[in-house]
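Peer 1: Next up is a structure, given as structure tokens.
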Amino acid sequence: MIFCKSCFSFLARHAAIGAFVLCTTAIAQNSALAQTGITVCSQTKSSSASAVTSGEKNSKSFRSSDGSFRINFSSPPRRDVEDLGNDVEQVQLIAELPKGIQMVSHQPHSDRVVSKRDLLLQLNAARDGLLKALDGQVLKTTDTSLSDGTFVREFLVSIPAARGEYRVRMLIADDRFYQIASVGEPEFVRSAQSTAFLDSFELQSASPTRKYGR
């Protein structure tokens, strides 16, 4: 795989690490792209997060209209759109904080998921892409679920080059792949603030077909 130079900004306190890692896991997660030497992150479009929020909004609560989810950020996020190639775009919400960043990304998911085994294989493939990008190690893996029962797998991964950590929850729902992440200094990543951010994610659609792994 070939990555654009902007994706190599390898600082845990800077949002560019989010774009780089999110693009990497996107490629790992999509088997069709993973098998090709494809250039990703070819274009980035940034805008205020207000462009993708609707309904209720205050200093913390955001509702994504194109991603059909709600989440509470600790500070207002910006919206980036990464071109992953093959007519696939990844939407990212990124909030920069003093000791790290909070991120949510979502993108179309075309790989078939008909069983929990399929789901775990695809989430673990995304994990492998993350490990390759960060040259890190999995420190902890936790299985959990959203309030509606949607299966979620959480990974805590080391970032040796930045002496930081990457904590991410991954799920597949309604033919979309979601990543909710806290990245930065270990104290920040493991904090109650980060846990509250991750826990606040809720899907807004009600498709009965999305509860893979139940």
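Peer 1: Compute the label zone of Arg163 within region 187-202: residues whose backbone N is under 20 Å from the point 7 Å along Cα-to-Cβ.
Peer 2: 187-191
Peer 1: Give me the extension gain from Ser115 to Thr144: residue separation times 0.36 nm, minus the current Cα-Cα distance, reported in nm with one decimal.
Peer 2: Taking 0.36 nm per residue and subtracting the Cα distance, the gain is 8.8 nm.
Peer 1: Looking at region 85-162, which trypsin sites (Lys or Arg not before Pro) are in a loop (DSSP not H, G, I, E or B) and have at most 13 other Cβ atoms within 10 Å?
Peer 2: Qualifying residues, ordered by number: Arg112.
Peer 1: Can you tell me how much longer the chain between Glu187 and Gln204 gets when fully stretched, taken as 0.36 nm per residue apart minus their C-alpha distance, in nm with one decimal?
Peer 2: Residue separation times 0.36 nm, minus the Cα-Cα distance, leaves 3.0 nm.
Peer 1: Another one. Taking a 26 Å limit on the Cα-Cα distance, which of the listed pairs Lys60/Lys99; Lys116/Lys140; Lys60/Lys132 fall beyond it?
Peer 2: Lys60/Lys132
Read-outs: derived from the displayed coordinates by stated rules, not from any lab. Treat the numbers as computed from the prediction; the structure is a model and nothing was measured. For neighbour counting, all protein chains shown are included, and Cβ atoms are generated from backbone atoms with ideal geometry for every residue, glycine included.
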